[in-house]
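Q: Before I ask anything, let me first share the structure, which is written out below as structure tokens.
The values are calculated or read from the model by the stated rules, or taken from the named source; none is laboratory data. If you're wondering where the values come from, they're calculated on a predicted model, not measured in any experiment. Glycine gets a Cβ as well: all are built from the backbone with ideal geometry, and neighbour counts include every protein chain shown. In case anyone asks, the SASA skips ligands and DNA or RNA and just uses the protein heavy atoms, side chains included. Shrake-Rupley method; radii C 1.70, N 1.55, O 1.52, S 1.80 Å.
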Amino acid sequence: MISSDQDDIVSGLVFKCRHRDTNQTFTDLLVWLAVIDSVFLVLVLLLFSLPQLSSHYSDWILPHIVPTVLPCTSVAMTASLYTVIALCVERYLSVTGHRQSNMGAFLGYILPVSIFSTFYNFPKFFEFSTQFMETERGYLPYIHPTKFRQNQQYSLYVLGLNLIFMGLIPFTILLILNVLITRKLKTNSILIERPDSSLSVLLYSIVILQIACH
């Protein structure tokens, strides 16, 4: 699973950062990314893996959790993507020696990312509801798309926003930042040392995996 591979890379980055002189904000962002990706994996497990393993879970539990857990999965995925952007921003500020570097992970990056991810995906909490139908086994719950979800204009609205905020904007920013970081590393003899270069390679790997995930 791609997200599992990303978690492995994040773990490697954290290990490297703790064994060298790396600013605390960058290290904390890596930890936050690992936490967010782990939450995402748990939510995906609840939605897609457990229903394949248990028919009771699929019939009686899944319909109750989908209206809430599915949008939470979208929130986690959005937060993961923009946390990677935060990592690249902090890395760029660090290699350029900017005074805004190492100003704190939570207030500077994670809190804004969390607020944006929640508000951006907030309409998805109104897309599905749990309804009941009478069967031989009693009243069986099922997932029912709301009128809000069935609205064609809303569907086009979501597709357009996802194209912009989950595609064009973030990956353009990632591309530009990584190009700038690479140029800075090449022109700065101090930052061209092997440990820093390997750290950058791992960061680039996270970016590539994000592109593959989306």
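Q: So, Tyr82, is that one open to solvent by less than 50 Å² (accessible area, probe 1.4 Å) and aromatic (Phe, Trp, Tyr) or not?
A: Judged against the criteria, Tyr82 is a match.
Q: Report the residue count in the stretch 15-48 for those that are at pLDDT below 85 and either among the basic types (Lys, Arg) or open to solvent by 20 Å² or more (accessible area, probe 1.4 Å) (or both).
A: Residues meeting the conditions: 8.
Q: Out of all the residues in the stretch 167-196, which are touching a helix residue (DSSP H, G or I) at 6+ places or on another chain (Cβ under 8 Å) and either at pLDDT 75 or above or within 16 Å of Val84 (Cβ to Cβ) (or both)?
A: Once the filter is applied, which keeps residues that are touching a helix residue (DSSP H, G or I) at 6+ places or on another chain (Cβ under 8 Å) and either at pLDDT 75 or above or within 16 Å of Val84 (Cβ to Cβ) (or both), the stretch 167-196 yields Pro170, Phe171, Ile173, Leu174, Leu177, Asn178, Leu180, Ile181, Thr182, Lys184, Leu185.
Q: For the stretch 158-166, does any single residue satisfy the condition of being of a type outside the set (D, E, K, R) and open to solvent by 100 Å² or more (accessible area, probe 1.4 Å)?
A: yes
Q: Still on this structure: Can you name the residue in the stretch 49-79 that is without any contact (Cβ under 8 Å) to a residue 24 or more places away in the chain and hydrophobic (A, V, I, L, M, F, W, C) and, of all such residues, is farthest from Phe132 (Cα to Cα)?
A: Checking each candidate, the answer is Leu53.
Conditions tested, residue by residue: (1) in a helix (DSSP H, G or I); (2) touching a residue at least 12 places away in the same chain (Cβ under 8 Å); (3) closer than 30 Å to Thr187 by Cβ.
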{"site": "Leu47", "(1), (2), (3)": "yes, yes, no"}
{"site": "Leu81", "(1), (2), (3)": "yes, yes, yes"}
{"site": "Leu111", "(1), (2), (3)": "yes, no, no"}
{"site": "Ser114", "(1), (2), (3)": "yes, yes, no"}
{"site": "Ser155", "(1), (2), (3)": "yes, no, no"}
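Q: Among (1) at pLDDT 90 or above; (2) open to solvent by less than 90 Å² (accessible area, probe 1.4 Å); (3) assigned to a helix (DSSP H, G or I); (4) out of contact with any Cys (no Cβ under 7 Å at 6 or more places or on another chain), which single condition is Leu140 missing?
A: (3)
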